[in-house]
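Take a look at the structure set out below.
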């Protein structure tokens, strides 16, 4: 079409799709173009601003590595990751929450009662619970990929002083769907702010802090995979998470216990001589 104008360019774009275009591709790309064009018209986007946006994307591409995905981080701080999670969460199941940019594949096996703390200092946290279906029945043999930051607020992929699988473990539930492990209490931390995403946060007057949390990816045959994270109810950033990951059903309580009550059956049994924290948190999976 020769006579393309600012008012008809969106229709022209969608008119260029081939007849054999997949309907879902046409729907998604058409909507993307429509919203981008409407955005540009609404704010009267200047050449300088358009060019700045392209430079931003180029910078995000350059800074992205296998250990740090700036595009995932951008999606997180814009709320897009959480919106997609919420759009596809099942109300009867545990809420999804953001995967984040620092998940490490192929974590080592972690036995029930195993310890992720290793030689790190910090207060011991004993976490346990059950994986269940929406019918309340336990799910034996479910796999739980667990990870968190170290006490210095860094994930293993961010910290050259940590083993790449530090504070990572893959656990299989028992015949009652139970899991249990020990670790160090997670800490609040900042998302990386030394790149393009940091510029957005600064420009918007936003802080980069996240409340402390444990990450879980739970999978089981016949059930939808669950990617989520759980948060303590006393964290100061619970109501201002910079990536919008907190949900009511993902908030838990750490309860202080005396060392003498530390149970048997754990790697740290008989080795804890100071008060520790305990949390019980069940995770509910939706059927496939």
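The values are calculated or read from the model by the stated rules, or taken from the named source; none is laboratory data. If you're wondering where the values come from, they're calculated on a predicted model, not measured in any experiment. Cβ coordinates were reconstructed from backbone atoms using ideal geometry, including for glycine residues, and neighbour counts include every protein chain displayed.
List of remarks:
- Condition met for residue 183 (closer than 20 Å to residue 152 by Cα and modelled with pLDDT of 95 or more): yes
- Residues of region 38-83 classified as in contact (Cβ under 8 Å) with a residue 24 or more places away in the chain and at positive phi, total: 1
- Residue count, region 190-230 (criterion: closer than 15 Å to residue 103 by Cβ and out of contact with any helix residue (DSSP H, G or I) (no Cβ under 7 Å at 6 or more places or on another chain)): 11
- Test for residue 94: is it part of a loop (DSSP other than H, G, I, E, B), at pLDDT 95 or above, at negative phi and in the same structural domain as residue 206 (by TED's automatic domain parsing): yes
- Elements of type strands (runs of 3 or more DSSP E) in region 199-277, at least 2 residues being within 29 Å of residue 106 (Cβ to Cβ), in contact with a strand residue (DSSP E or B) (Cβ under 7 Å, 6 or more places away or on another chain) and modelled with pLDDT of 95 or more: 214-219, 226-232
- Residue match in region 116-124 (condition: on the phi > 0 side of the Ramachandran plot, surrounded by fewer than 17 Cβ atoms within 10 Å (Cβ to Cβ), in a loop (DSSP other than H, G, I, E, B) and in contact with a strand residue (DSSP E or B) (Cβ under 7 Å, 6 or more places away or on another chain)): yes
- Positions within region 222-234 being surrounded by fewer than 16 Cβ atoms within 10 Å (Cβ to Cβ) and free of Cβ contacts under 8 Å to residues at least 60 places away in the same chain, in sequence order: 225, 233, 234
- Qualifying helices (runs of 4 or more DSSP H) (wholly inside region 1-77; at least 1 residues being within 31 Å of the chain's Cα centre (by Cα), more than 21 Å from residue 200 (Cα to Cα) and not assigned by TED's automatic domain parsing to the domain that holds residue 201): 23-43
- Filter result for the condition that a residue is out of contact with any helix residue (DSSP H, G or I) (no Cβ under 9 Å at 6 or more places or on another chain), over 20 Å from residue 266 (Cα atoms) and at pLDDT 95 or above, over 137, 123: 137
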